Amino acid sequence: MYRDLFPILDQQVYGHPLVYLDNAATTQKPRQVVETMNTYYLSQNSNIHRGTHYLAEQATERYEAVRRQVQRFIGAAHSHEIIFTRGTTESINLVAASFGQRYLHEGDEVVVSEMEHHSNIVPWQLACQRQGATLRVLPFDERGVLRLDRLEPLLNEHTRLVAVGHVSNTLGTVNPVRDIVDCAHRHGVPVLVDGAQAIAHMAVDVQALDCDFYCFSAHKMYGPMGVGVLYGRERWLEEMPPYQGGGEMIKEVRFEGTSFNELPFKFEAGTPAVAEVLGLGSAIDFMLQAGVGTIARHEQELLSYASSQLKQIDGLHIYGTAPDKTAVISFLAGTAHPYDTGTLLDKLGIAVRTGHHCTQPVMDHYGIPGTVRASFAIYNTRDEVDALVSALRRIAPMLM
Ligand code: PMP
């Protein structure tokens, strides 16, 4: 589906048609996203917010229109709850630095899950070190399902935040965010959700989830690299101190002291990535045109087809068998090192990712060095699943 919109997919790699199954790392970009960014630079480029001239006003209006578009896309109550960042990593770092400075104190605790991406672990470790707080960990079971029964005992009067992924980039598990939020809120604890692996694969409504923060990157949802979103509930963002200082985030600057701009500008210091924000808007248009439900259904079909085919390969083991999964399949072929499997697949034109996928605690849980990960998007086909399976059968004698 939609393959003609993605010219990059139509190429040969080492004499084989490219089979791109590395979508959890980054999705490819439809023509319209690239054209939106080109048009901006070729005929609309101007710095935003400070200009009185035509181009500046147009650029500002388009940039702010994407903020409202993101607000609608994720069901936020206010457009000033949408902060543009460089991506999920910066969104989480922003909250860890700013929320951490305001609310984390000596003896406090932050809860993360065992399946988090390093981006949702390390910023909290750093914040905890700075503030004298402790990181607590919610474990998962052998299928890669979070042990929700272990959440409540982790929450106490010292807990300041729960930070959890919506979808695991390694296991594909869709976590029951609403249940986690309900449990945390019963203890008065806010919840940050890392939505990097959810936003391209399911409808996300931050008010239905009732989460306090939601983070994602444009490049994993058919948009450009270098831009992402932090959604934050107004009451937290109002109370949180600025993250970075600079232009645009101020109201008045005197050497005696500075007062800060209102939301969302308080958190957007300096010149933002305007072309990339417009590209994000175009990516959202693409997802809405394709239909988020259609995308989800297509990927679920590929997931069940690929899982059933892969299970038939002797010696192949799949990690992550949660009942609620996105189309991410981590596996190992026999005792072969994932890097060797990935390299051989690459020579047959098949792009997968190998390694720990920035989730070393997940690898430690299973006692493995890494996995091979195939991850799917709207443009992938059953033929490509067949290509993966037949390539694995072909290389199996070399690996197992
Ligand atoms: N969280 C998860 C679950 C991810 O998969 C990723 C990207 N692999 C990130 C966070 C970080 O995203 P980015 O590199 O775009 O900031």
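Among the residues of this structure, MET225 counts as one that is open to solvent by 40 Å² or more (accessible area, probe 1.4 Å), at pLDDT 95 or above and within 15 Å of the ligand (Cβ to nearest atom).
Can you pull out the residues in region 210-222 that are more than 16 Å from the ligand (Cβ to nearest atom) and open to solvent by 10 Å² or more (accessible area, probe 1.4 Å)? If the condition is that a residue be more than 16 Å from the ligand (Cβ to nearest atom) and open to solvent by 10 Å² or more (accessible area, probe 1.4 Å), then ASP210 is the only one that fits. Across region 64-87, not a single residue is classified as more than 19 Å from MET249 (Cβ to Cβ), among the β-branched types (Val, Ile, Thr) and touching a Cys at 6+ places or on another chain (Cβ under 7 Å). For region 354-387, a residue qualifies if it is in a loop (DSSP other than H, G, I, E, B) and open to solvent by less than 10 Å² (accessible area, probe 1.4 Å), and the qualifying residues are THR359, GLY370, PHE376, ALA377, ILE378, TYR379, ASN380.
For region 333-353, the set of residues classified as surrounded by fewer than 18 Cβ atoms within 10 Å (Cβ to Cβ) and either aliphatic (A, V, I, L, M) or part of a loop (DSSP other than H, G, I, E, B) (or both) consists of GLY334, THR335, HIS337, ALA351, listed by residue number. Taken over region 166-200, the criterion of being more than 23 Å from ARG373 (Cα to Cα), among the small types (Gly, Ala, Ser) and either open to solvent by less than 10 Å² (accessible area, probe 1.4 Å) or within 18 Å of the chain's Cα centre (by Cα) (or both) is satisfied by ALA184 alone. Listed by position, the strands (runs of 3 or more DSSP E) contained in region 57-165 that have at least 2 residues being open to solvent by 50 Å² or more (accessible area, probe 1.4 Å) and more than 16 Å from the ligand (Cβ to nearest atom) are 134-138.
Each row is one residue, and each column tells you yes or no for (1) at negative phi; (2) in contact (Cβ under 8 Å) with a residue 40 or more places away in the chain.
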| residue | (1), (2) |
| --- | --- |
| SER330 | yes, yes |
| THR343 | yes, no |
| HIS357 | no, yes |
| PRO369 | yes, no |
| VAL372 | yes, yes |
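Scanning region 268-307 for residues that are part of a helix (DSSP H, G or I), small (Gly, Ala, Ser) and open to solvent by less than 50 Å² (accessible area, probe 1.4 Å) returns ALA275, GLY279, GLY281, SER282, ALA283, ALA290, GLY293, ALA296, ALA306, SER307.
In region 228-252, the qualifying residues are those that are aliphatic (A, V, I, L, M) and more than 20 Å from VAL193 (Cα to Cα), and the one that is farthest from the ligand (Cβ to nearest atom) is ILE250.
Residues that are among the aromatic types (Phe, Trp, Tyr) and within 26 Å of ALA296 (Cα to Cα) within region 306-365 comprise TYR319, PHE331, listed in sequence order.
Go through region 36-56 and count every residue that is modelled with pLDDT of 95 or more and surrounded by fewer than 14 Cβ atoms within 10 Å (Cβ to Cβ). Residues in region 36-56 being modelled with pLDDT of 95 or more and surrounded by fewer than 14 Cβ atoms within 10 Å (Cβ to Cβ): 7 in total.
The values are calculated or read from the model by the stated rules, or taken from the named source; none is laboratory data. Since the structure is predicted, the reported quantities are computational estimates derived from the model, not experimental observations. Note: ideal-geometry Cβ built from the backbone for every residue, glycine included; neighbour counts use all protein chains shown. In case anyone asks, the SASA skips ligands and DNA or RNA and just uses the protein heavy atoms, side chains included. Shrake-Rupley method; radii C 1.70, N 1.55, O 1.52, S 1.80 Å.
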